[in-house]
Amino acid sequence: MNRLQGKRAIVTGAGQGIGRAAAELFAAEGAQVIAVDRNADALASLGGCTTEILDLTDPAAIAAFGERTGAVDVLFNCAGYVDAGDLLATQDGGYRLSFDLNVHAITHMLQAFVPAMIAQGGGSIVNMASVAGALIGVPNRYAYCASKGAVAGITRSVALDYVGKGIRCNAICPGTVQSPSLDERLAATGDAEAARAAFVARQPMGRLGRAEEVAALALYLASDESAYTTGQMHAIDGGWTMA
Ligand code: NAD
């Protein structure tokens, strides 16, 4: 009940999916949570958190958010976008959004919040990567793999540069997790049932992950229980990458 007692935590992409589950769990564990999303309606139904309506692709808005918020103990950069297609099918708009949201937004959030973390003597940063790109290649996910590979690099770089400042930085690498945006991606294939079956088939456990299961890993990494862990890619993938 109090694994984050006394801590201030930011969770991005907190409107739905893994981010929402993490914001709710962090708050239940005693954190003062600032839940960030661009979707005001989704944030409005989130209890127990302070909410911040913010477009994470706007660097100036992130900088202003950092200035008025001050120091936090936990920063969970969870918001992300999944672009479909191999290299030749990838459109410029999806490619750019993949980097604007999955990569550049994390950089801007880190630049906004790491200085205060250093000043207060430390903190825990958790970045949302994926098995895709950060651990293995996944078919038809060129921009997504490229961007999540960059998240792995960001995580290691920040972990290494600030390990002496009390800052830890880890990444989470989920397999396929049930979420609203996953349902949209399945529907977009034209045969959601077949697409779901194919996604389930690549998970050796024979099911998709649940947002609450990933939130539990985020909680561990956010809390002092993981005090001896930094710079790591934490897979949570139903056994997908074990072979
Ligand atoms: P989701 O995609 O359903 O929800 C994402 C949330 O981010 C939404 O609430 C959305 O409003 C918000 N968001 C999108 N663009 C934004 C912006 N510009 N500014 C602010 N907020 C914005 O959630 P999910 O499927 O749980 O995915 C969360 C993270 O986990 C993503 O980074 C995703 O890449 C990663 N991930 C998901 C899966 C999966 O199978 N669901 C697997 C591996 C990794």
| task | Report yes if VAL82 is of a type outside the set (Phe, Trp, Tyr), closer than 30 Å to ARG196 by Cβ and touching a residue at least 60 places away in the same chain (Cβ under 8 Å), otherwise no. | result | yes
| request: From GLU184, GLU213, grab the single residue that is of a type in the set (D, E, K, R) and open to solvent by less than 60 Å² (accessible area, probe 1.4 Å). | output: GLU213
| request: Can you give me the number of residues within segment 107-146 that are of a type in the set (A, V, I, L, M), under 19 Å from SER226 (Cβ atoms) and within 15 Å of the chain's Cα centre (by Cα)? | output: 6
| request: With the condition kept exactly as written, say whether any residue in segment 107-127 is of a type outside the set (A, V, I, L, M), over 21 Å from SER223 (Cβ atoms) and in contact with a strand residue (DSSP E or B) (Cβ under 9 Å, 6 or more places away or on another chain). | output: no
| request: Select from segment 150-173 the residues that are part of a helix (DSSP H, G or I) and away from the ligand (no atom under 16 Å from the Cβ) and list them in ascending order. | output: ARG156, SER157, VAL158, ALA159, LEU160, ASP161, TYR162, VAL163, GLY164, LYS165
| field | Residue within segment 220-228 that is in contact (Cβ under 8 Å) with a residue 24 or more places away in the chain, surrounded by 21 or more Cβ atoms within 10 Å (Cβ to Cβ) and within 15 Å of the ligand (Cβ to nearest atom) present | value | yes
| note | Note on GLY137: of the conditions (1) touching a residue at least 12 places away in the same chain (Cβ under 8 Å); (2) on the phi < 0 side of the Ramachandran plot; (3) away from the ligand (no atom under 13 Å from the Cβ), unmet is (1)
| query | So is ALA143 surrounded by fewer than 24 Cβ atoms within 10 Å (Cβ to Cβ) and in a helix (DSSP H, G or I) or not? | reply | no
| query | How many residues are surrounded by fewer than 17 Cβ atoms within 10 Å (Cβ to Cβ) and either farther than 23 Å from LEU219 by Cβ or not assigned by TED's automatic domain parsing to the domain that holds ILE154 (or both) when one looks only at segment 71-101? | reply | 11
| message | Out of ILE53, ILE18, I need the residue that is open to solvent by 10 Å² or more (accessible area, probe 1.4 Å) and either outside the structural domain of ALA227 (by TED's automatic domain parsing) or in contact with a Cys (Cβ under 7 Å, 6 or more places away or on another chain) (or both). Which one? | response | ILE18
| remark: With criteria (1) near the ligand (Cβ under 9 Å from one of its atoms); (2) closer than 30 Å to GLY70 by Cβ, VAL126 comes up short on (1)
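The values are calculated or read from the model by the stated rules, or taken from the named source; none is laboratory data. None of these values were measured; they are calculated from a predicted model. Positions of Cβ are generated from backbone atoms using ideal geometry, with glycine treated the same way; all protein chains shown enter the neighbour counts. The accessibility values were calculated without ligands, DNA or RNA, using every heavy atom of the protein model including side chains. Shrake-Rupley method; radii C 1.70, N 1.55, O 1.52, S 1.80 Å.
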